[in-house]
Amino acid sequence: MYAAFLFLAYDPQKNMEENKMKKLLALTLAVMMLFTLVACATEEATESSAPAASSTPATESSAAPESSEEAPESSEAPAESSEEEPAESSEEEPAESSEEEPEEPVENPYEELEIGKATTAPVVDGKVEDGEYATIIEYDELDFHWANGAIGEGLDVYETVVYLSWDENYLYTCVEVMVGNPRTYDNTDFTANRPYIFDRRHLMSAIVLGDPCMPKYQPADGESWGWGDAYNSGLGTEWSISAQPDGTPIKADHFGALTTNADFQYVIGVSGYDKEYYEQRIPWSALQGGAAFTAETGVKIGYAFTCCPEEIDISEDADGSNDKYICFGAGITGYKNFGEYVGMTLVD
């Protein structure tokens, strides 16, 4: 293009026709070269911008899948935590409440008492030597342990005392009571013909091997157990002991079969006409539930007794009842309620 312009400038003397042709030719060449330059510049611009435009969406589209893959990962993490938290609360909380509920005791009207462990086993001979028993509890008409089940007035004249000890094999008890006259009732068929064992002076005892405040010992109606329900429950042991005028022992099981056990011992000792001793050696294993019971420090039992200090008048004109019952605890005379036995803890 530069050479063409030099050519035109070099020969201005020739005729007009040649000059016109040369000018036209030069102009044509210049236009063609200019068009070529513009076309090349446009093509370069198009080629350089097209890859840039296509690479940008490619980068953005590849970034989008990466972010969409990360989002599910972050959404899975909360799902795992939400699965673990309900599992822990649903498995642990109900288990704890179901275990604690049976262990929750009910209110007991008594102050808890203790039974001391025997250093030497008491001798079951119908009398009490000094220091023979670890625990001694004297009658107190103002003490609810005695007053709750007692029947009658002026029971303090009987000066009742209960002695208690325990070891790994036995519970030892002795109830001392003042009396004012000798025994008179005598027959050998006392279970079928009067005077029955309850017509005589007698001691009825009852034990549950556990805390009597626990729900299983409470009557469903809150008042008392039906006799048949109490008998069939297998929870408590109840029995009575008495004697003929000559001292021949009389015994009767009410709940359980304690008195037929070979290791059970009892003697009713008499000191003149003034005092009687109902002394017993009670094997833990022979009581209801004794097979699974271990006597050890800290264990609780429920204990109750009723002492009838007078014989019942069964003559033809008599009403055949007794208005004197000295009770330690309640729930064995008149109605049945294991939950009203006195809670007592075995201690050293």
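The values are calculated or read from the model by the stated rules, or taken from the named source; none is laboratory data. Quantities reported herein were computed from a predicted structural model and do not represent experimental measurements. Positions of Cβ are backbone-derived with ideal geometry, glycine not excepted, and every protein chain shown enters the neighbour counts. All accessible areas refer to the heavy atoms of the entire protein, side chains included, with ligands and DNA or RNA removed. Shrake-Rupley method; radii C 1.70, N 1.55, O 1.52, S 1.80 Å.
What number of residues within the range 140-166 are on the phi < 0 side of the Ramachandran plot and open to solvent by 40 Å² or more (accessible area, probe 1.4 Å)?
Adding up the residues that qualify gives 11.
Quick check on my filter: what residues within the range 173-192 are part of a loop (DSSP other than H, G, I, E, B) and either buried (at least 19 other Cβ atoms within 10 Å of the Cβ) or of a type outside the set (Gly, Ala, Ser) (or both)?
Val179, Asn181, Pro182, Arg183, Thr184, Tyr185, Asp186, Asn187, Thr188, Asp189, Phe190, Thr191
Which residue pairs have Cβ atoms closer than 8 Å, lie 6 or more positions apart in sequence or on different chains, and pair a first residue in the range 98-127 that is on the phi > 0 side of the Ramachandran plot and modelled with pLDDT of 65 or more with a second residue that is open to solvent by less than 40 Å² (accessible area, probe 1.4 Å) and assigned to a loop (DSSP other than H, G, I, E, B)?
Every condition considered, no pair remains.
Listed here are the residues, each with its yes/no results for (1) within 27 Å of Tyr163 (Cβ to Cβ); (2) over 27 Å from the mean Cα position of the chain (by Cα); (3) not hydroxyl-bearing (Ser, Thr, Tyr).
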residue	(1), (2), (3)
Ile197	yes, yes, yes
Arg200	yes, yes, yes
Gly222	no, no, yes
Leu287	yes, no, yes
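Identify the residue in the range 290-316 that is touching a helix residue (DSSP H, G or I) at 6+ places or on another chain (Cβ under 9 Å) and in a helix (DSSP H, G or I) and, among all such residues, is least open to solvent (accessible area, probe 1.4 Å).
So the residue we want is Gly290.
Being among the polar types (S, T, N, Q) and without any contact (Cβ under 8 Å) to a residue 12 or more places away in the chain is the requirement here; does Thr259 meet it?
For Thr259, the condition - among the polar types (S, T, N, Q) and without any contact (Cβ under 8 Å) to a residue 12 or more places away in the chain - is not met.
Which of the residues that make up the range 193-232 are part of a loop (DSSP other than H, G, I, E, B), touching a Phe, Trp or Tyr at 6+ places or on another chain (Cβ under 9 Å), surrounded by fewer than 19 Cβ atoms within 10 Å (Cβ to Cβ) and charged (D, E, K, R)?
Passing the criteria: Arg194, Glu223.
Output the residues belonging to the range 267-285 that are part of a strand (DSSP E or B) and closer than 17 Å to Asp167 by Cβ.
Listed by number, the residues that qualify are Glu279, Gln280, Arg281, Ile282, Pro283.
So Thr191 passes all but one of these: (1) of a type in the set (S, T, N, Q); (2) within 25 Å of Gln288 (Cα to Cα); (3) without any contact (Cβ under 8 Å) to a residue 60 or more places away in the chain. Which condition number does it fail?
That leaves (3) as the condition not met.
Kindly list the number of the only condition in (1) without any contact (Cβ under 8 Å) to a residue 60 or more places away in the chain; (2) over 24 Å from Gly126 (Cβ atoms); (3) surrounded by fewer than 19 Cβ atoms within 10 Å (Cβ to Cβ) that fails for Lys251.
Status for Lys251: all satisfied but (2).
Here's the yes/no breakdown for (1) buried (at least 19 other Cβ atoms within 10 Å of the Cβ); (2) modelled with pLDDT under 95; (3) more than 17 Å from Glu168 (Cα to Cα); (4) not acidic (Asp, Glu):
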residue: Pro245; (1), (2), (3), (4): no, yes, yes, yes
residue: Gly256; (1), (2), (3), (4): yes, no, yes, yes
residue: Thr260; (1), (2), (3), (4): no, no, yes, yes
residue: Val267; (1), (2), (3), (4): yes, no, yes, yes
residue: Gly272; (1), (2), (3), (4): no, yes, yes, yes
residue: Lys275; (1), (2), (3), (4): no, yes, yes, yes
residue: Gln280; (1), (2), (3), (4): yes, no, no, yes
residue: Pro283; (1), (2), (3), (4): no, no, no, yes
residue: Gln288; (1), (2), (3), (4): yes, no, no, yes
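Suppose we filter the range 286-330 for residues that are on the phi > 0 side of the Ramachandran plot and out of contact with any Phe, Trp or Tyr (no Cβ under 6 Å at 6 or more places or on another chain); how many remain?
Residues meeting the conditions: 3.
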